[in-house]
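The values are calculated or read from the model by the stated rules, or taken from the named source; none is laboratory data. All of these numbers come straight from a predicted model, not from anything done at the bench. Note: ideal-geometry Cβ built from the backbone for every residue, glycine included; neighbour counts use all protein chains shown. Protein only, heavy atoms only, side chains kept; ligands, DNA and RNA dropped before computing areas. Shrake-Rupley method; radii C 1.70, N 1.55, O 1.52, S 1.80 Å.
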Amino acid sequence: MSKLDSKIPSGSIESKWQNHKFSSKLVNPANKRKHSVIVVGTGLAGASAAASLGELGYKVKAFCVHESPRRAHSVAAQGGINAAKNYQNDGDSVYRLFYDTIKGGDFRAREANVFRLAEVSANIIDQMVAQGVPFAREYGGTLANRSFGGAQVSRTFYARGQTGQQLLLGAYSGMMRQVDLGNVELRTRREMLDLVVVDGKARGVTVRNLVSGEIESYEADAVVLATGGYSNVFFLSTNAMACAVTAAWKAHKRGAYFANPCYTQIHPTCIPVHGENQSKLTLMSESLRNDGRVWVPKVQGDKRHPNEIPESERDYYLERVYPSFGNLAPRDVASRQAKYRCDEGRGVSETGRAVYLDFADSIKRLGQDKISERYGNLFQMYDKITGDDPYKMPMMIYPAPHYTMGGLWVDYNLESTIPGLFVAGEANFSDHGANRLGASALMQGLADGYFVLPSTIGNYLGGTKLEKISTTHDAFKFSADEAKSEISKLMGIKGNRTVDSFHKELGNIMWEYCGMGRNKEGLKKALELIPKVREEFWNNVRIPGDANYINTELEKAGRVADFLELGELMCQDALEREESCGGHFREEHQTADGEALRDDKNFCHVAAWEWAGTNKKQSLHKEELTFENVHLATRSYK
Amino acid sequence: MAGKMINLILKVWRQKGPTDTGSFAEYKANNVSTDASFLEMLDVVNEELVTKGDEPIAFDHDCREGICGACGFVIDGEAHGPLKSTTVCQLHMRNFKDGEVLTIEPFRSKAFPVIKDLMVNRSALDRIITAGGYISTNTGNAVDANANLVPKADADEAMSSATCIQCGACVAACKNASAALFTSAKISHLSLLPQGQVERKDRALRMVAAMDAEGFGSCTTTGACEAACPKDISLVNISRMNREFLVANVTKQPKHQDGGAG
Ligand SMILES: Cc1cc2nc3c(=O)[nH]c(=O)nc-3n(C[C@H](O)[C@H](O)[C@H](O)COP(=O)(O)OP(=O)(O)OC[C@H]3O[C@@H](n4cnc5c(N)ncnc54)[C@H](O)[C@@H]3O)c2cc1C
Ligand code: FES
């Protein structure tokens, strides 16, 4: 039997999840207390899972690399969270959210998972409001909505420009309540360095205590990874500094397949790169495209101040090319169009790699107060970073790596190819196909944690015979020894180059050859370059200090070592996928007007990679995707 | 955005661990772009230190967007540095002059032991939240989100309190190292919303008790916390907490155990 059994329940798309929950095994309340579950990562997906599992009575052990769970990268999400509430009476429905997500993902996601996501989306909003999330409201006291890219309805809920922060605080407080009640044991400043597999099942983790440097082992009956995405493979991205693939990658090396690694999202509206010493890029939320208009000068090399360029000499290219979606075209499309304009020599700023996002019309129409109420904190952030006032002149923006649709392969139960290892949030590949719509990551993370995992993990524990084990089992010792030896190897190199210098070198290769545009020649080149960088890294990296106390360079080194392997797999996957879809744009496969050209005959599948050993080519497994409810069609936003 | 280059001298607190006494060390930060952030300036200093084989200056940071609350230290006596409403990660070097000498040290408070250099342990703040800084509602129990209408003004006010990022600057800025601004922001956020009413009194009592137990000092409303807060959390929250605490204390009822007749 192929290992890639997606376990999609039978029945109509509307009935699958209900039927599946009904036919799932249950664990009776008294037995729940005897089961333990490890949750690695306490962002939105992990914190909501830990809270809900704790409420059910399981003994939960939660881990995060941060000092506090509330610092997880989810905190940085700005714009909002989608839900099919149809509070605006504008024609939204579960089916429409499902349809928009499948189409937005360029028909490369699994229908059944996406439908379930849309189905539970409404419950998420109810749950978050009950926990005290202060969403934006109308004067009548009802919840307010805004629009996001790739949708023609207004279904995005938000809390100023800090939606992720408020949702995370909701999930975090729910988890801390379980800590208070003794159902969740929380360990912070811990980095998972390995998954422990016993008799083919995930039974524990090996972690490094980032303060004391000690290697620790923890056992459980099931393990959840909710460790976020891998955009930092590009070095410069909108992700927080500690975001890494390490937990997922180590699980991959223990047998969990990695799906669609080349599906990465380049977000169209970020503050452009300013210089060599830049450490990260800052997102300007997609919600700004509700009221901002994107343009470049009509003629090349127009160096006038934007306010001096008359209307007739501006090209509002998104409105021109996509009259029906206009500035709200989906991300992959909007990013590519920005790149085309800059490639044509019509980019702005000193570097020529930027376009304008202009609020002048909206300020005229709605007044500065209204705009400030909607986006005040984003405008302030832009001003702080660039020194320019966006109320007075248009923002300058450019695409940047932002989100990764790829991740560990999971079936309908969110279980990976290792039994007992579940993956949630951005760390899995499940719902967004080749492109994620704005405001859907928060929705997915919370859907996974609050509503899917509590049910599917119960089904697993109720239906699986699990031997009692403890961390004295050989598998734990073996794993801890491996983690220790990797650390001593890194510490022992004592070379001449800093960790960051390698990370930047890898990032440049990835951005150049596996970024917004990819082609065969470039990808082959990257596949030659990356192993060389990796080899030099393992011979020439320098990590000062020692491993038995906090050592931030050592932490970074471990993460970069894994990125150096992942980067190669991403290029391999991008090379293999001879089509363009969503965020994966192969320059050889495009329509006459530069849109992505899919090949449904040969590539309507999930590509899942199996680790084959260090420096060996990984083997490819395919999960065919079938579309029974949505017709495979060419995506059009025109 | 056109940046220029400046040179600075940094006096940085170096401390190996909680038991080490620690001392200042001097570093040159040369050719710093005024477009860089304060942390990017420290990155450059650290790259040089590492290249020389020295240990880099340890500091907490993550989002570098002013929202995760991980960063925070004191520059020339001010928590998060000279710019109002700004975390150090969002403080850009265009706010400094060529040739300036800057003193950089960790947030100092008994409740925040130093882990290393500029990195401190702020987990006491998490423990205050654990003592009731939540609404007790299990997943799946919620009614429709629009079933309870919340006046916009209340929602906005609650949101303003909820924007606190738990960075600890309020504690560092206070001469008594009080955590009143932090604690009151959470108590306010939840007591302003209808969902927060059921546990309102118990929450105020427990969170205030947890704050005291962690060794934070008492509040004498000097307002230094508000001035240092990168998120503009207002002193009004502290008055609200005092009121909540007082009312809860006066009307306190004995706690009943769960169980009952069945
Ligand atoms: C700037 C920005 C803005 C965004 N805005 C939006 C938006 O408006 N709407 C939207 O829907 N989405 C948005 N997104 C995307 C969304 O925020 C993320 O996809 C989502 O929050 C990820 O949640 P998560 O729980 O999967 O992971 P994270 O929040 O990244 O959490 C990962 C957790 O894993 C832990 N961890 C990681 N590695 C390890 C390890 N080895 N050992 C132990 N712990 C580990 C971390 O400590 C953390 O607790 C935005 C993203 C960015 C970058
Ligand atoms: S690094 Fe997140 S607030 Fe400064």
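Could you look through region A:72-92, keep only residues that are open to solvent by less than 20 Å² (accessible area, probe 1.4 Å) and part of a loop (DSSP other than H, G, I, E, B), and pick out the one that is nearest to ligand 2 (Cβ to nearest atom)?
So in region A:72-92, the residues open to solvent by less than 20 Å² (accessible area, probe 1.4 Å) come out as A:72, A:75-76, A:78-84, A:92.
After this cut, where a residue has to be part of a loop (DSSP other than H, G, I, E, B) as well, the list is A:72, A:78-80, A:83-84, A:92.
Values: A:Ala72: 11, A:Gln78: 13, A:Gly79: 18, A:Gly80: 20, A:Ala83: 27, A:Ala84: 32, A:Asp92: 34 Å.
Out of the qualifying residues, it is A:Ala72.
Given region A:453-560, what helices (runs of 4 or more DSSP H) lie entirely inside it while holding 2 or more residues that are away from chain B (no Cβ under 14 Å) and touching a helix residue (DSSP H, G or I) at 6+ places or on another chain (Cβ under 8 Å)?
Per the criteria, A:474-493, A:499-514, A:520-540.
Of the residues that make up region A:384-407, is at least one within 13 Å of chain B (Cβ to nearest Cβ) and within 16 Å of ligand 2 (Cβ to nearest atom)?
yes
Here are some residues: A:Ile418, A:Ile457. Which one is over 18 Å from A:His20 (Cα atoms), β-branched (Val, Ile, Thr) and out of contact with any His (no Cβ under 6 Å at 6 or more places or on another chain)?
A:Ile418
Taking into account only those residues within region B:189-203 that are in contact with a Lys or Arg (Cβ under 9 Å, 6 or more places away or on another chain) and open to solvent by less than 30 Å² (accessible area, probe 1.4 Å), which is farthest from A:Gln165 (Cα to Cα)?
Looking at the filtered set, the residue picked out is B:Arg203.
Give the number of residues within region A:220-235 that are in a strand (DSSP E or B) and in contact with a helix residue (DSSP H, G or I) (Cβ under 7 Å, 6 or more places away or on another chain).
Qualifying residue count, region A:220-235: 3.
Can you tell me which residues in region A:340-355 are touching a residue at least 60 places away in the same chain (Cβ under 8 Å) and surrounded by fewer than 22 Cβ atoms within 10 Å (Cβ to Cβ)? Spell out the reasoning first.
First pass over region A:340-355, keeping only residues touching a residue at least 60 places away in the same chain (Cβ under 8 Å): A:340, A:349, A:351, A:353-355.
Scanning region A:340-355 gives A:Tyr340, A:Ser349, A:Thr351, A:Arg353.
Keeping to region A:135-173, report how many residues are part of a loop (DSSP other than H, G, I, E, B) and either surrounded by fewer than 21 Cβ atoms within 10 Å (Cβ to Cβ) or at the interface with chain B (Cβ under 9 Å from one of its Cβ atoms) (or both).
Total satisfying the criteria: 14.
Mind telling me which of the residues A:Pro134, A:Pro69 ends up being within 16 Å of ligand 2 (Cβ to nearest atom) and not basic (Lys, Arg)?
A:Pro69
When the residues of region A:425-440 are filtered to those that are assigned to a helix (DSSP H, G or I) and over 16 Å from A:Arg116 (Cβ atoms), which remaining residue is farthest from the chain's Cα centre (by Cα)?
This residue is A:Ala427.
Report, ordered by the first and then the second residue, all pairs with beta carbons closer than 6 Å, sequence separation of six or more or different chains, a first member in region B:70-99 that is more than 21 Å from B:Cys164 (Cα to Cα) and open to solvent by 10 Å² or more (accessible area, probe 1.4 Å), and a second member that is among the small types (Gly, Ala, Ser) and more than 16 Å from ligand 1 (Cβ to nearest atom).
B:Arg94/A:Gly387
Quick one: count up the residues across region A:619-631 that are touching a helix residue (DSSP H, G or I) at 6+ places or on another chain (Cβ under 7 Å) and surrounded by 14 or more Cβ atoms within 10 Å (Cβ to Cβ).
Residues in region A:619-631 being touching a helix residue (DSSP H, G or I) at 6+ places or on another chain (Cβ under 7 Å) and surrounded by 14 or more Cβ atoms within 10 Å (Cβ to Cβ): 4 in total.
Go through region A:301-312 and count every residue that is modelled with pLDDT under 95 and open to solvent by 100 Å² or more (accessible area, probe 1.4 Å).
1
Looking at region B:66-90, which of its residues are within 6 Å of ligand 2 (Cβ to nearest atom) and not polar (S, T, N, Q)?
Hits for region B:66-90 are B:Gly66, B:Ile67, B:Cys68, B:Gly69, B:Ala70, B:Cys71, B:Cys89.
Among the residues that make up region A:275-285, is at least one of them of a type in the set (D, E, K, R), surrounded by fewer than 20 Cβ atoms within 10 Å (Cβ to Cβ) and either over 15 Å from the mean Cα position of the chain (by Cα) or assigned to a strand (DSSP E or B) (or both)?
Within region A:275-285, one or more residues are of a type in the set (D, E, K, R), surrounded by fewer than 20 Cβ atoms within 10 Å (Cβ to Cβ) and either over 15 Å from the mean Cα position of the chain (by Cα) or assigned to a strand (DSSP E or B) (or both).
Quick one: how many residues across region A:1-49 are more than 13 Å from A:Gly462 (Cα to Cα), part of a helix (DSSP H, G or I) and open to solvent by less than 40 Å² (accessible area, probe 1.4 Å)?
Number satisfying all stated conditions: 9.
Taking the options B:Ile57, B:Ile67, name whichever one is touching a Gly at 6+ places or on another chain (Cβ under 9 Å), in contact (Cβ under 8 Å) with a residue 60 or more places away in the chain and in a loop (DSSP other than H, G, I, E, B). Show your work before the answer.
Working: B:Ile57 fails: touching a Gly at 6+ places or on another chain (Cβ under 9 Å).
B:Ile67 is the lone residue from the list that is touching a Gly at 6+ places or on another chain (Cβ under 9 Å), in contact (Cβ under 8 Å) with a residue 60 or more places away in the chain and in a loop (DSSP other than H, G, I, E, B).
Pick from region A:236-257 the residues that are outside any loop (DSSP other than H, G, I, E, B) and among the aliphatic types (A, V, I, L, M): which of them is farthest from the other protein chains (Cβ to nearest Cβ)? Outline the logic, then answer.
Filtering region A:236-257 down to residues outside any loop (DSSP other than H, G, I, E, B) leaves A:246-253.
Next, only the ones that are among the aliphatic types (A, V, I, L, M) stay: A:247-248, A:251.
Numbers: A:Ala247: 16, A:Ala248: 18, A:Ala251: 23 Å.
By that ranking, first place goes to A:Ala251.
Taking B:Arg122 as the residue in question, decide whether it is within 21 Å of B:Ala224 (Cα to Cα), modelled with pLDDT of 95 or more, open to solvent by less than 40 Å² (accessible area, probe 1.4 Å) and at the interface with another protein chain (Cβ under 9 Å from one of its Cβ atoms). Reasoning before the result, please.
On the way: within 21 Å of B:Ala224 (Cα to Cα): yes; modelled with pLDDT of 95 or more: yes; open to solvent by less than 40 Å² (accessible area, probe 1.4 Å): yes; at the interface with another protein chain (Cβ under 9 Å from one of its Cβ atoms): yes.
For B:Arg122, the condition - within 21 Å of B:Ala224 (Cα to Cα), modelled with pLDDT of 95 or more, open to solvent by less than 40 Å² (accessible area, probe 1.4 Å) and at the interface with another protein chain (Cβ under 9 Å from one of its Cβ atoms) - is met.
Out of region A:174-208, which residues are among the polar types (S, T, N, Q), within 14 Å of A:Cys64 (Cα to Cα) and surrounded by fewer than 24 Cβ atoms within 10 Å (Cβ to Cβ)?
A:Thr188
For region A:37-82, which positions are touching a Phe, Trp or Tyr at 6+ places or on another chain (Cβ under 6 Å) and facing chain B (nearest Cβ under 9 Å)?
Within region A:37-82, A:Ser48, A:Ser52, A:Pro69, A:Arg70 meet the criteria.
Being within 14 Å of another protein chain (Cβ to nearest Cβ), in contact with a strand residue (DSSP E or B) (Cβ under 6 Å, 6 or more places away or on another chain) and basic (Lys, Arg) narrows it down to one residue among B:Lys152, B:Lys186; which is it? Before the answer, list the steps.
Details: B:Lys186 fails: in contact with a strand residue (DSSP E or B) (Cβ under 6 Å, 6 or more places away or on another chain).
Criteria check complete, one pass: B:Lys152.
Does region A:95-108 contain any residue that is more than 21 Å from the chain's Cα centre (by Cα) and more than 16 Å from ligand 2 (Cβ to nearest atom)? Write out each step before concluding.
Looking only at region A:95-108, we keep the residues that are more than 21 Å from the chain's Cα centre (by Cα), and these are A:95-96.
Checking which are more than 16 Å from ligand 2 (Cβ to nearest atom) leaves us with A:95-96.
Yes, region A:95-108 contains at least one residue that is more than 21 Å from the chain's Cα centre (by Cα) and more than 16 Å from ligand 2 (Cβ to nearest atom).
Scan region B:57-69 for residues that are open to solvent by 10 Å² or more (accessible area, probe 1.4 Å), away from ligand 1 (no atom under 16 Å from the Cβ) and at the interface with another protein chain (Cβ under 7 Å from one of its Cβ atoms) and jot them down.
none
Take the conditions touching a helix residue (DSSP H, G or I) at 6+ places or on another chain (Cβ under 6 Å) and either in a loop (DSSP other than H, G, I, E, B) or at the interface with chain A (Cβ under 9 Å from one of its Cβ atoms) (or both) and apply them to B:Ser109. Does it pass?
yes
Which numbered condition in (1) in a strand (DSSP E or B); (2) open to solvent by 20 Å² or more (accessible area, probe 1.4 Å); (3) within 10 Å of chain A (Cβ to nearest Cβ) is the only one that B:Asp43 fails?
If we test B:Asp43 against (1) in a strand (DSSP E or B); (2) open to solvent by 20 Å² or more (accessible area, probe 1.4 Å); (3) within 10 Å of chain A (Cβ to nearest Cβ), just (1) comes out false.
Quick one: B:Asn30 ticks every box in (1) more than 16 Å from ligand 1 (Cβ to nearest atom); (2) under 26 Å from the mean Cα position of the chain (by Cα); (3) open to solvent by 10 Å² or more (accessible area, probe 1.4 Å) except a single one, so which number is it?
Of the numbered conditions (1) more than 16 Å from ligand 1 (Cβ to nearest atom); (2) under 26 Å from the mean Cα position of the chain (by Cα); (3) open to solvent by 10 Å² or more (accessible area, probe 1.4 Å), the odd one out for B:Asn30 is (2).
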